[in-house]
């Protein structure tokens, strides 16, 4: 590896090269980052990015040619109350001519030296080698909670319904419960979200869920429709869930509302979680599942 490669923060003049890189070398047919509105939301509008002047992604450049792009979203984090300089690693794409030359190692070394804590998912085998060389911790699987709220609705979405799929759906069906606790549903972020998450995450290593961050991530998402469910008063909730509802076409061409995600933080016990889900997702199914996600990593920080 020679010294002609420059690792630096992205500049406005890099935009055309970043677009070209993704048009020519992105591994999926559709790339959301080629949508200017989505790119701006993802990288320029997060609270810490906006406060720093916009997009905080990092690039590797050699003699004016873009070799690698790393999408970075800085965010506040803490380790048992101690603040950390942290960032989400959203996407990483390199040109074919950059591979095998040490450009990736140089770029990620720059990141490891610039932050206390880094987190990313969907790691390729080539990237995993670099992360592990730098001391990142790798999680081969991420456990996810699954709950079926309406077995008939879930089965109507099955590609090949069978007696086995029916048994699996029944095994995961959440029974209805009764509770007098009031659940508030709104498209607006509950004002007490930040104080609740601070209490829940006080002893954890985690990104801070500030009101600004949660509003950017869910309330102001450019495409997805999120709902906030608050147990108790929104100004001082006992628990919060974030749901994304979508209409999915089943085999009978009947649109079914599907809860695509149910996200922590949430101080609810299991009974209250079931109540939140059933009351506000009638004829729905939570489709998050336990799966072998390609991987997640965090720096030793």
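The values are calculated or read from the model by the stated rules, or taken from the named source; none is laboratory data. The structure displayed is predicted, hence computed values, not measured ones. Here Cβ is always computed from backbone atoms with ideal geometry, including for glycine, and neighbour counts include all displayed protein chains.
Assorted remarks:
- Residue selection: residue 183 fails the criterion of being assigned by TED's automatic domain parsing to the domain that holds residue 59 and surrounded by 15 or more Cβ atoms within 10 Å (Cβ to Cβ).
This table checks each residue for (1) surrounded by 13 or more Cβ atoms within 10 Å (Cβ to Cβ); (2) over 23 Å from residue 217 (Cα atoms); (3) in contact with a helix residue (DSSP H, G or I) (Cβ under 8 Å, 6 or more places away or on another chain); (4) modelled with pLDDT of 90 or more.
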| residue | (1), (2), (3), (4) |
| --- | --- |
| 89 | yes, no, yes, yes |
| 102 | yes, yes, no, yes |
| 130 | yes, yes, yes, yes |
| 141 | no, yes, no, no |
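- Of the candidates 52, 112, 77, the single residue that is outside the structural domain of residue 243 (by TED's automatic domain parsing), out of contact with any helix residue (DSSP H, G or I) (no Cβ under 9 Å at 6 or more places or on another chain) and surrounded by 19 or more Cβ atoms within 10 Å (Cβ to Cβ) is 77.
Yes/no per residue for (1) out of contact with any strand residue (DSSP E or B) (no Cβ under 9 Å at 6 or more places or on another chain); (2) free of Cβ contacts under 8 Å to residues at least 24 places away in the same chain:
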position: 139; (1), (2): no, no
position: 149; (1), (2): no, no
position: 172; (1), (2): no, no
position: 186; (1), (2): no, no
position: 201; (1), (2): no, no
position: 205; (1), (2): no, no
position: 211; (1), (2): yes, yes
position: 220; (1), (2): yes, no
position: 228; (1), (2): no, no
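- When restricted to residues that are part of a loop (DSSP other than H, G, I, E, B) and either over 23 Å from the mean Cα position of the chain (by Cα) or closer than 16 Å to residue 118 by Cβ (or both), the stretch 62-92 contains 2.
- Filtered by the rule that a residue be surrounded by 15 or more Cβ atoms within 10 Å (Cβ to Cβ) and more than 17 Å from residue 121 (Cβ to Cβ), the stretch 91-100 gives 94, 95, 98.
- Listed conditions (1) in a helix (DSSP H, G or I); (2) in contact (Cβ under 8 Å) with a residue 60 or more places away in the chain; (3) in contact with a helix residue (DSSP H, G or I) (Cβ under 9 Å, 6 or more places away or on another chain) are all met by residue 106, apart from (3).
- Residue, nearest to residue 220 (Cα to Cα), within the stretch 25-46, restricted to residues that are assigned to a helix (DSSP H, G or I) and touching a residue at least 40 places away in the same chain (Cβ under 8 Å): 41
- In the set (1) in a loop (DSSP other than H, G, I, E, B); (2) outside the structural domain of residue 28 (by TED's automatic domain parsing); (3) in contact with a helix residue (DSSP H, G or I) (Cβ under 9 Å, 6 or more places away or on another chain), the condition left unmet by residue 160 is number (3).
- Filtered residues of the stretch 200-239 (kept if closer than 19 Å to residue 78 by Cβ and at pLDDT 90 or above): 207, 208, 209, 210, 211, 212, 213, 214, 216, 217
- Residue match in the stretch 3-11 (condition: part of a helix (DSSP H, G or I), surrounded by fewer than 18 Cβ atoms within 10 Å (Cβ to Cβ), free of Cβ contacts under 8 Å to residues at least 60 places away in the same chain and assigned by TED's automatic domain parsing to the domain that holds residue 115): no
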